[in-house]
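A.B. asks: My structure is below; once you've seen it, I'll send some questions.
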């Protein structure tokens with residue numbers, strides 16, 4: 001009987017040693033799931049809101065044309081004097097394909113300027129993407145290494161910014177533009193920027 005008691009205590013200790021890490025792992029997994037799953041990723045705050053748009057000088061996407069003319073790259077002057085919607089996109093980004101028709105619809109609003117930053121993409125793929133969906137942008141800068149996008153605080157593509165006439169970032173949308181967030185968040189931010197003098 002005395003031999004069974006130490007074996008039982010030893011078995012309990014082994015069980016505890018196995019269960020404690022498992023319980024800790026499950027608790028952490030639940031915490032991460034709750035924190036990541038409960039929030040709207042498009043509502044990630046940006047430290048750049050209210051600050052001047054980053055100094056941006058990007059070359060054009062090689063060979064990209066619009067109405068028979070080369071599409072210029074992006075310069076800091078693109079963010080002055082007009083409300084500008086800056087969309088960071090890539091041809092390899094699946095949600096970018098989903099939002100492309102909405103960007104074309106947005107480009108019909110002549111009160112705003114649409115500017116694109118092509119993120120870590122190949123020029124031929126970017127041209128093919130624009131050829132397939134249309135070009136909503138007056139300027140598209142090539143950001144092959146993603147450095148300019150880092151300056152903009154981009155987490156991943158697509159992301160969209162509203163820049164006021166004063167060159168300050170007024171709004172940031174993380175993730176693809178949808179009909180719902182266009183109506184509920186992005187368009188009101190554009191209207192607010194247009195109303196500001």
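A.B. asks: Based on the alpha carbons, how large is the Rg to Rh ratio for the stretch 125-184 when Rh follows Kirkwood?
C.D. replies: 0.97
A.B. asks: Most fluctuating residue of 22, 48, 173 in a GNM of the chain with Cα springs under 10 Å: which is it?
C.D. replies: So, out of 22, 48, 173, the one fluctuating most is 22.
A.B. asks: To continue, here is another question. Between residue 98 and residue 150, how many nm apart are label points set 7 Å from Cα along the C-beta direction?
C.D. replies: Computed distance between label sites residue 98 and residue 150 equals 2.8 nm.
A.B. asks: What percent do you get for the relative contact order of the stretch 102-192 when only Cα pairs under 8 Å and 6+ apart count?
C.D. replies: Relative contact order here is 24 percent.
A.B. asks: What fraction, in whole percent, of alpha-carbon pairs in the stretch 85-137 exceed 13 Å separation?
C.D. replies: Roughly 55 percent, once rounded to a whole number.
A.B. asks: Assuming 0.36 nm per residue, please report the length gained on full extension of the stretch residue 197 to residue 17 beyond their Cα-Cα distance.
C.D. replies: 58.3 nm
A.B. asks: Can you put 8, 75 in order, fewest other beta carbons within 10 Å first?
C.D. replies: Listed from fewest to most nearby Cβ atoms, that is 8, 75.
A.B. asks: Once you keep just the Cα pairs under 8 angstrom separated by 6 or more residues, what percentage relative contact order results for the chain?
C.D. replies: 26
A.B. asks: Ok, one more. Cα convex hull of the stretch 64-168: how many Å³ per residue?
C.D. replies: 94
A.B. asks: Which label belongs to the value computed from this structure, given these candidates for semi-axes √(5λ) of the Cα gyration tensor in Å: (1) 48, 19, 15; (2) 25, 20, 18; (3) 36, 17, 14?
C.D. replies: This structure yields the entry labelled (1).
A.B. asks: Moving on. Based solely on its DSSP helices, what 222 nm [θ] is calculated for the chain when runs of n ≥ 4 H residues each add -39,500 (n - 2.57) and the sum is averaged over all residues, nearest 500 deg cm²/dmol?
C.D. replies: Per the formula, -12000 deg cm²/dmol.
Each reported figure results from applying straightforward, stated rules to the coordinates on display, with no laboratory input. The structure presented is a predicted model; accordingly, all values stated were derived computationally and were not measured. All Cβ positions, glycine included, derive from the backbone under ideal geometry; neighbour counts span all protein chains shown.
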